[in-house]
Amino acid sequence: MSTFKTIKKTSASFFTEKGSKFYGYAFPIHTKEDVKECLEKIQEEHPKARHICSAFLIGIGDQEYYIANDDGEPANSAGAPILGQIRSAGITNTYIAVVRYFGGTKLGVGGLIQAYKLGAALALKENEIIEVEPQASLSFKIGFDLMGTILPIIDKNNLNAKIENHTDGVQIGLTFNEKDESIIRGLFERWVTI
């Protein structure tokens, strides 16, 4: 897979339309599970929100996966316009949610489409689009006796590692550019079964 574009950080926006308040949020994500975490953060911040409409897109080409959610708004009036903004920006691995607090005046389907589209666009405007290499990961467990061998390899190669101590050894998780996977595997295969 070649490089792809995504957003650099979490961003937020706010605007009002005919009394309704709209809060837009954009999150960089890697998996469907990340979406759940992002949504939970928004729900904690907006426990009385009437609608949290959203869309996410992960992957590119025939590896693409997306979902658009209208969260009680009329069909295709919220999630689809949000997804449209992700596609228009030419990005992936992005989750956008727009929170609406009803202000007393109905916007109509056309008004809702425009409002959710704007909420997503403003959240993206507050962000930076970056080009990234596809990532891969590798996880293995070692005994404490190999720590002195494995940790210097991780340090010498500037690898992004998550290390968890257990009673019977250490679990190591590595994240790296997908194109380097065979090289990274080769660094460790002498000592661990991968």
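The values are calculated or read from the model by the stated rules, or taken from the named source; none is laboratory data. Please read all numbers here as calculations on a predicted model, not as lab measurements. Cβ atoms come from the backbone with ideal geometry, glycine included; neighbour counts cover every protein chain shown.
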Taking the range 146-170 and keeping only residues that are farther than 25 Å from GLU133 by Cα and polar (S, T, N, Q), one is left with THR149, ASN165, THR167
Any residue in the range 87-109 that is in contact with a Ser or Thr (Cβ under 6 Å, 6 or more places away or on another chain) and small (Gly, Ala, Ser)? yes
Kindly check whether there is at least one residue in the range 129-139 that is within 21 Å of the chain's Cα centre (by Cα), modelled with pLDDT of 95 or more and surrounded by fewer than 16 Cβ atoms within 10 Å (Cβ to Cβ). yes
Identify the residue in the range 6-24 that is aromatic (Phe, Trp, Tyr) and out of contact with any helix residue (DSSP H, G or I) (no Cβ under 6 Å at 6 or more places or on another chain) and, among all such residues, is surrounded by the most Cβ atoms within 10 Å (Cβ to Cβ). TYR23
Output for the range 140-161, where each listed residue is under 27 Å from THR10 (Cα atoms) and either touching a residue at least 12 places away in the same chain (Cβ under 8 Å) or assigned by TED's automatic domain parsing to the domain that holds ILE60 (or both): LEU159, ASN160, ALA161
Could you grab the pairs with beta carbons closer than 6 Å, sequence gap of 6+ or different chains, first residue in the range 57-72 and closer than 17 Å to GLN135 by Cβ, second one polar (S, T, N, Q) and surrounded by fewer than 11 Cβ atoms within 10 Å (Cβ to Cβ)? none
Report whether or not LEU187 is under 30 Å from ILE60 (Cα atoms), in contact (Cβ under 8 Å) with a residue 24 or more places away in the chain, of a type outside the set (D, E, K, R) and part of a helix (DSSP H, G or I). yes
How many residues, within the range 56-111, are on the phi > 0 side of the Ramachandran plot, within 17 Å of the chain's Cα centre (by Cα) and surrounded by fewer than 23 Cβ atoms within 10 Å (Cβ to Cβ)? 2
Determine whether LEU118 is in contact (Cβ under 8 Å) with a residue 60 or more places away in the chain and either under 20 Å from SER13 (Cβ atoms) or surrounded by fewer than 20 Cβ atoms within 10 Å (Cβ to Cβ) (or both). yes
Pairs needed: first member in the range 104-115, free of Cβ contacts under 8 Å to residues at least 60 places away in the same chain; second member anywhere, in a loop (DSSP other than H, G, I, E, B); C-beta distance under 6 Å; at least 6 residues apart or different chains. VAL109/PRO74; VAL109/SER77; LEU112/GLU73; LEU112/SER77; ILE113/SER77
Just to verify a result, which residue in the range 157-184, among those that are surrounded by 11 or more Cβ atoms within 10 Å (Cβ to Cβ) and either more than 26 Å from the chain's Cα centre (by Cα) or polar (S, T, N, Q) (or both), is farthest from ALA136 (Cα to Cα)? GLY169
Filtered residue count, the range 1-50, keeping only those that are part of a loop (DSSP other than H, G, I, E, B) and not polar (S, T, N, Q): 12
